[in-house]
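A quick write-up on the structure given underneath.
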Amino acid sequence: MEPTKDIFILAIESSCDETAAAVVRNGRYVLSNVISSQIALHTIYGGVVPEIASRKHIENIDGVILEALKQAHITWKDITAIAVTYGPGLVGALLVGLAEAKALAFAIGKPLIGVHHIEGHICANYIQNTTFEPPYVALVVSGGHTHLVYVCDYGKYEILGKTRDDAVGEAYDKVARAIGMGYPGGPKIDAAAQKGNPAAISFPRVFLEENSYDFSFSGLKSAVLNYINKANMTGESIVAEDVAASFQAAAIEVLVEKTMKAVKQKKVQKVALAGGVASNSVLRQMMKQECEKRGYSLSIPDPVLCTDNAAMIGCAAYYEYQKGIRDGLDLNANPSLKLGER
Ligand code: KG4
Ligand code: ZN
């Protein structure tokens with residue numbers, strides 16, 4: 001019998017402000033994971049400027065891909081398929097990665113596989129823990145998304161709830177800007193909160209209806225902004241560390257409580273964290289504590305696999321490849337692609 005051939009996927013991710021390429025073997029083994037971050041460029045504007053992101057992706061993408069191949073010690077002929085994020089995200093940014101992926105797939109005569117960005121975030125757990133498998137409940141928390149998802153099988157998702165307004169990462173970024181911490185706010189709030197008192201200010205915990213798994217963070221964000229504005233108007237000084245810690249405590253309490261409720265309802269005993277906000281130290285710690293209390297197992301990717309990267313896209317594409325999913329060269333970017341949709 002012929003030995004099973006290894007599958008090498010070259011993956012490309014350019015949905016927001018990171019130009020990334022990776023080579024992944026058999027879905028779970030990362031041979032290279034190159035990320036060119038544009039954060040420094042966007043910081044002066046206080047957030048991602050879509051036009052600048054697209055232009056920078058064009059400038060960086062060739063170099064990032066060649067570096068990914070070089071670090072993986074692999075050549076074009078070894079590549080089995082090309083994977084690329086085709087949504088959701090900034091349309092101009094997505095189009096750069098997609099055009100590149102199509103051109104490469106055509107040039108080397110290998111299949112093209114389009115990947116959903118959130119599916120990629122979830123799959124980061126399969127790289128982190130090579131024995132981790134469905135079913136489980138995933139909490140996906142990023143700058144653009146807050147989803148509670150039941151992953152019944154590879155590529156099969158039931159969305160239990162999602163945010164009705166701001167994503168949690170967006171709330172972090174806006175609160176950080178109001179305190180004067182700059183962009184991206186998540187890591188800055190995380191660091192400041194470590195020196196603050198989470199019980200200093202009582203910000204609202206928004207749970208919505210009794211049985212809802214949806215989230216809402218705009219009320220919490222407004223409460224923090226009102227607190228800061230009021231202090232400014234009355235000339236009182238604020239303790240930024242306390243504001244950061246109290247905001248974070250309110251957001252994380254809701255995220256963890258809803259996740260625990262979902263795991264209980266789905267009777268899976270297994271939880272996975274995903275997305276940029278999953279690199280938050282308090283969220284990681286609280287989720288771990290609550291899972292241990294209940295005897296649930298928990299998977300959390302390393303911070304570099306939580307924020308945008310292409311290795312997670314290569315992993316997601318592997319499971320699509322195994323199912324026979326291939327995309328044509330007419331694949332288009334879809335900025336509002338829904339999870340589980342094709
Ligand atoms: O997943 P990601 O890299 O991009 C999106 O798909 O949105 O997530 C970026 C988000 C930003 O809002 C950033 O502030 C947040 O993740 N973030 C954090 C931390 N590190 C990144 N939020 C809280 N704590 C952190 N340590
Ligand atoms: Zn992301």
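The values are calculated or read from the model by the stated rules, or taken from the named source; none is laboratory data. What you are looking at is a predicted structure, and each value in this text was computed from that prediction instead of being measured. Cβ: placed from backbone, ideal geometry, glycine included. Neighbour counts: every protein chain shown.
Before moving on, here are some points about what is shown:
- Top-ranked residue in region 258-287 [being of a type in the set (S, T, N, Q) and closer than 17 Å to ASP308 by Cβ; ranked as surrounded by the fewest Cβ atoms within 10 Å (Cβ to Cβ)]: SER279
- Criterion (more than 30 Å from CYS315 (Cβ to Cβ), without any contact (Cβ under 8 Å) to a residue 12 or more places away in the chain and either of a type in the set (D, E, K, R) or not in a loop (DSSP other than H, G, I, E, B) (or both)) met by exactly one of ASN229, ASN211: ASN229
- For region 243-251, the condition of being assigned to a loop (DSSP other than H, G, I, E, B), among the hydroxyl-bearing types (Ser, Thr, Tyr), crowded, with 18+ Cβ neighbours inside 10 Å and modelled with pLDDT of 95 or more holds for none of the residues.
- Residues in region 294-342 that are in contact with a Leu (Cβ under 7 Å, 6 or more places away or on another chain), closer than 18 Å to ALA105 by Cβ and within 16 Å of ligand 2 (Cβ to nearest atom): ALA333 alone.
- Enumerated helices (runs of 4 or more DSSP H) restricted to region 277-342, each holding at least 2 residues that are among the aromatic types (Phe, Trp, Tyr): 311-322
- No other residue among THR131, THR146, THR85 is away from ligand 1 (no atom under 13 Å from the Cβ) and hydroxyl-bearing (Ser, Thr, Tyr) apart from THR131.
- Selection from region 1-50 of residues that are more than 26 Å from PRO301 (Cα to Cα) and within 14 Å of ligand 1 (Cβ to nearest atom): GLY46, PRO50
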